[in-house]
Amino acid sequence: MSDPLSTDTDDPNARVYFVWDEEITYRQLREHLSVEDPDDRAMWMARVMREARYRDVWRFVRLVDVLRMWPRIERHLGRMREFWNWLIEGWRADGLLPRID
């Protein structure tokens, strides 16, 4: 029997609540998010951005990394793509992020 999903993001051995289709701990998730392969890393970053609660997203990814890897991440966001585009463009419109021309 597998461990139950957990929202305790500080417990490295707990099972990630938003990765319901495979057994993965928060330690393993952080390892995936730090791999060298940018496509693999972007896929995992997108998975966090797509499935985790908004407040938890920033516990796993940094905004600077999201912006730098945006073209690789965006294609994996699925139904959340419009939300993240709206959010990032809103921050740019408000002057919180530099505009990209």
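Against the definition (among the aliphatic types (A, V, I, L, M), in contact with a strand residue (DSSP E or B) (Cβ under 6 Å, 6 or more places away or on another chain) and surrounded by 14 or more Cβ atoms within 10 Å (Cβ to Cβ)), how does residue 14 come out, yes or no?
yes
Consider only pairs whose beta carbons are under 9 Å apart and that are at least six residues apart or on different chains; among these, list those whose first residue lies in segment 61-83 and is at positive phi and exposed (fewer than 13 other Cβ atoms within 10 Å of the Cβ) and whose second residue is of a type in the set (D, E, K, R) and in a helix (DSSP H, G or I).
Pairs found: 78/50.
Of the conditions (1) surrounded by 12 or more Cβ atoms within 10 Å (Cβ to Cβ); (2) at pLDDT below 95; (3) among the aromatic types (Phe, Trp, Tyr), residue 20 satisfies every one except a single condition; which number is it?
Failed condition: (1).
Spot the failing condition for residue 25; the list is (1) β-branched (Val, Ile, Thr); (2) closer than 25 Å to residue 2 by Cβ; (3) touching a residue at least 24 places away in the same chain (Cβ under 8 Å), and only one is missed.
Residue 25 satisfies all of (1) β-branched (Val, Ile, Thr); (2) closer than 25 Å to residue 2 by Cβ; (3) touching a residue at least 24 places away in the same chain (Cβ under 8 Å) except (3).
The values are calculated or read from the model by the stated rules, or taken from the named source; none is laboratory data. It should be emphasised that the depicted structure is a prediction, and the values quoted were computed from it without experimental measurement. No Cβ is skipped: glycine too gets one built from the backbone with ideal geometry, and neighbour counts run over all protein chains shown.
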